[in-house]
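**Student:** Handing you this structure, nothing more for now.
Read-outs: derived from the displayed coordinates by stated rules, not from any lab. For clarity, every value in this text was computed on a predicted model and none was experimentally measured. Cβ coordinates were reconstructed from backbone atoms using ideal geometry, including for glycine residues, and neighbour counts include every protein chain displayed.
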Amino acid sequence: MSTERGNMPWTSTVYGKIRLNTPQPAPSTLADHVAAQLVRHLKTAPDRGIVIQTRYLKDLPKRLSQHPSLRDTVSLFYTVWADHCRRKPAVDFINLPEYGKAIRSLRLALSGDQAFTTETLASATILHRAEEVFNPSRHKLLHQQGIASLVTAVGKPRLNDDFQATLMAEIYINMVPHSVATGWQNNLNEPDWRDSIEKSLSYCIQNEEARSQFKSTMRTCGDMVDRLPTLVQMIRTSGPGVGQDERKTALKKEFQQTIMDMQKRIAALVRELIQLGEITEDKDPKSIAGTSYSFSSVTLAQILLSMQSLHLGFSRMLYDWSLAEQFPDTNASTRI
């Protein structure tokens, strides 16, 4: 409400002009209600320190009325997230009415005309993320297999489709472990897909100068992920006396060099981001290292953490493999 005071030229009467905020209409449909919940969630998420890479969520409200599967999975996500914020005890999803409804809607979508749409892929992704964060599921692999099939069926990101590009970026991060564990041929690392994903993720960096190095570092990590199934297969057949010794030794040196290059790129990227102000470094006596870091966005912090975790995971795998094979030059360079 605002007021304005003044004197009319023909009288001494004081007047006030009152402007009231227009009341918002109550949601009239289930889709409207879910959309309103999601919008409220997105507006308050930064204040609650939410850590989740879901930029595509902002594009969902306008799609809910046309896609019941998307509506019901978003409703489930909002319900379990709200319960988490209220510190309610976690409940097995199998006992949640919202979960049963989301599963039924997704099955109907997959059996109808909306089976291979970006919205149905988003439904499966949100369902997987909800279970992964709030209900560690026995069916996680099943969800990932479904997402992998849908990614192939939906096809590569369309030009200038920000919703699809940001969704694929979310899927890429979630599906790396699935690709490693199952040997799934990861379409997301093919050039057209990768370019779109890198562009989408690079928007977490505000400075244009840093984006090219960010994309280059992401590409190095992606190349390593592409070759990881080969390393996993070699590890599974490890042991002194097992054949292909020359190939294993050459592969070990190749991976060792790649891991070292990855670490150099990550370190160089962090230094540049600090210089450009994307990361702020401060003295912090409460920190173990005596230093704390602030990031320009939560997404940037998540991606850098993922890169570093990837490097550490590869280093540990390579070191353990070197021990199993009893390579003669197993030394500190293969250690974490």
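**Student:** Can you tell me the FRET efficiency between Asp261 and Glu132 if r is taken as the Cβ-Cβ distance and R0 is 30 Å, rounded to the nearest 0.05?
**Tutor:** 0.45
**Student:** While we're here: Could you work out, for the stretch 204-336, what percent of all Cα-Cα pairs fall into each 10 Å distance bin, beginning at 0 Å and stopping at the bin that holds the largest distance?
**Tutor:** Pair shares across the bins are 11, 36, 27, 18, 8, 1.
**Student:** Run the dipole for the stretch 204-336 about the Cα centre, Lys and Arg Cβ at +1, Asp and Glu Cβ at -1, nothing else charged, and hand back the magnitude in debye, nearest 20.
**Tutor:** Dipole about the Cα centre, nearest 20: 200 debye.
**Student:** Excluding Tyr293 itself, what net charge comes from residues whose Cβ is under 13 Å from its Cβ, given Lys and Arg +1 and Asp and Glu -1?
**Tutor:** After counting each charged neighbour, the total is -2.
**Student:** Using +1 at the Cβ of each Lys and Arg and -1 at the Cβ of each Asp and Glu in the stretch 204-336, identify which of Ile235, Leu305, Cys204 lies farthest towards the dipole's positive end.
**Tutor:** Of Ile235, Leu305, Cys204, it is Ile235.
**Student:** Calculate the translational D of the stretch 254-309 in whole µm² s⁻¹ from Stokes-Einstein, where the hydrodynamic radius comes from the Kirkwood formula applied to all Cα pairs, the temperature is 37 °C and the viscosity 0.692 mPa s.
**Tutor:** Translational diffusion coefficient: 264 µm²/s.
**Student:** Here is a further query. Based on other C-beta atoms within 10 Å, arrange Arg247, Arg129, Arg71 from fewest to most.
**Tutor:** Least to most surrounded, the residues fall as Arg247, Arg129, Arg71.
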